[in-house]
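Asker: Take this structure, written in structure tokens, and hold onto it; I'll ask about it next.
The values are calculated or read from the model by the stated rules, or taken from the named source; none is laboratory data. Here the structure is a predicted model, which means the values were calculated and not measured. As a convention, Cβ positions derive from the backbone with ideal geometry for all residues, glycine included, and neighbour counts pool all protein chains shown. Quick note on the areas: whole protein, heavy atoms, side chains included, nothing else; ligands and nucleic acids left out. Shrake-Rupley method; radii C 1.70, N 1.55, O 1.52, S 1.80 Å.
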Amino acid sequence: MKKFFLLFVSITSGFVSTAQTTKDLFLTRSLTGETIERISAKTSGGSIDVTGISTGESRLEVYVHANNVKNNLSLSKEEIQKRMKEDYDLSISIANNQLNVTAKQKNGHLDWKRSLNISFKFFVNSSVSTDLLTSGGSINLSNLKGKQNFTTSGGSLDLDKLSGKIEGKTSGGSIRVTNSDNDINLKTSGGSIKAANCKGNIKLFTSGGSLNFTNLSGKIESRTSGGSIYATNISGEFSTHTAGGQIDLVDMKCSLDASTSGGSIDVATTTLGKYIKLATSSGSVDLQLPAKLGLDLNLQASKIKVNTLNNFSGTKEDDVIKGTLNGGGIPVEVRTSSGRISIDFK
């Protein structure tokens, strides 16, 4: 059975409390006593925040402000109410333990001078799953354990303390994900991505921004079409690629596959995984490896410099080194089309 709590917010005072002091807070709806397992939320221009809570009142807060306000003056509460009634449909309902919240224009061609920014903030049980969509605002999620699916056409994604299947994308904003685990799949068409203290199956892709990773573990796949890549303290299996930026990797403890079409590569490893594979079309490669390990070396560049190569068997020339070190073992393949390779064993 479906429960409708709010269809048109200009009335229904019995279910809604309107804020008097908090800027832009349009209404608050208590969710205490409701069993909410999933949230479906859509808004045409505002942000969406979902926070998992263990104590305190479960609730929905709706924030409204004008997109076009001269001299930074806020609209009056009365004018906000008037525009909401005339130009927007705001609906809130619960059906089959799913909370549905939608804000949309009544007229798809609303004058931009009258348009409003309508944002949602949810404070709910941490086990809640989400399905979120906004055409221009940011999406912020924290302290959630369910399945999260979310999309924004232009805002940023800010994610913290998530555990479960996490899938999100933005057409142009940046992404920050921290203290999260399990299954993470995030994409942006043009912003940068920062990830820290995460583990599991992780996929992070951007079409043009930089990548910055700290303390990641698991199976990690990442790619940027033009930005730089920086990572430190990565364990497990790490694959990262850029079409033109520089790659700097520090304190690597993983199987590693990294490549760039135009920048240099600088890698310092402390523990090797199953393999190392590095490639650049025109930059140089500097690689630091633990000493006294058994390696299968395959190095190709315009010039190769190695600080020491004791107990080596194979081909050693200025531009090619191929053979076994210390009896062989972990494959190390490094290639650059026109740059140099420098190997340092420590």
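Asker: Mind listing just one residue for me: the one in the range 47-64 that is of a type in the set (D, E, K, R) and in a strand (DSSP E or B) and, of those, surrounded by the fewest Cβ atoms within 10 Å (Cβ to Cβ)?
Answerer: At the first step, the residues of the range 47-64 found to be of a type in the set (D, E, K, R) are 49, 57, 59, 61.
In the following step, the residues that additionally are in a strand (DSSP E or B) were identified as 49, 59, 61.
On the way: 49: 20, 59: 16, 61: 18.
Selected residue: 59.
Asker: Let me ask another. Touching a Lys or Arg at 6+ places or on another chain (Cβ under 7 Å), surrounded by fewer than 22 Cβ atoms within 10 Å (Cβ to Cβ) and without any contact (Cβ under 8 Å) to a residue 60 or more places away in the chain: is that true of residue 303 in this structure?
Answerer: Answer is yes for this residue.
Asker: For the range 216-231, give me each residue that is under 19 Å from residue 273 (Cβ atoms) and either touching an Asp or Glu at 6+ places or on another chain (Cβ under 8 Å) or open to solvent by 60 Å² or more (accessible area, probe 1.4 Å) (or both).
Answerer: Filtering the range 216-231 for residues under 19 Å from residue 273 (Cβ atoms) gives 216-222, 229, 231.
Passing the criteria: 218, 219, 220, 221, 229, 231.
Asker: Here is a follow-up. Just to check your reading of the model, which residue among 145, 199, 169, 194 is among the basic types (Lys, Arg), open to solvent by 10 Å² or more (accessible area, probe 1.4 Å) and touching a residue at least 60 places away in the same chain (Cβ under 8 Å)? Please lay out each step first, then the result.
Answerer: Numbers: 199 fails: touching a residue at least 60 places away in the same chain (Cβ under 8 Å); 169 fails: touching a residue at least 60 places away in the same chain (Cβ under 8 Å); 194 fails: touching a residue at least 60 places away in the same chain (Cβ under 8 Å).
Every option except 145 fails the conditions.
Asker: Can you name the residue in the range 23-46 that is part of a loop (DSSP other than H, G, I, E, B) and over 18 Å from residue 128 (Cβ atoms) and, of all such residues, is least open to solvent (accessible area, probe 1.4 Å)?
Answerer: Among those that are part of a loop (DSSP other than H, G, I, E, B) and over 18 Å from residue 128 (Cβ atoms), it is 46.
Asker: Please find, among 67, 117, the residue that is modelled with pLDDT under 95, surrounded by fewer than 14 Cβ atoms within 10 Å (Cβ to Cβ), within 20 Å of residue 138 (Cα to Cα) and within 30 Å of the chain's Cα centre (by Cα).
Answerer: 67
Asker: Quick test for you: out of 75, 90, 133, pick the one residue that is crowded, with 18+ Cβ neighbours inside 10 Å and either more than 25 Å from the chain's Cα centre (by Cα) or part of a strand (DSSP E or B) (or both).
Answerer: None of the other options fit; the residue is 90.
Asker: Then there's this: Quick one: is residue 270 among the hydroxyl-bearing types (Ser, Thr, Tyr) and over 17 Å from residue 195 (Cα atoms)?
Answerer: yes
Asker: What is the residue count in the range 314-346 for residues that are part of a strand (DSSP E or B) and surrounded by fewer than 16 Cβ atoms within 10 Å (Cβ to Cβ)?
Answerer: 8
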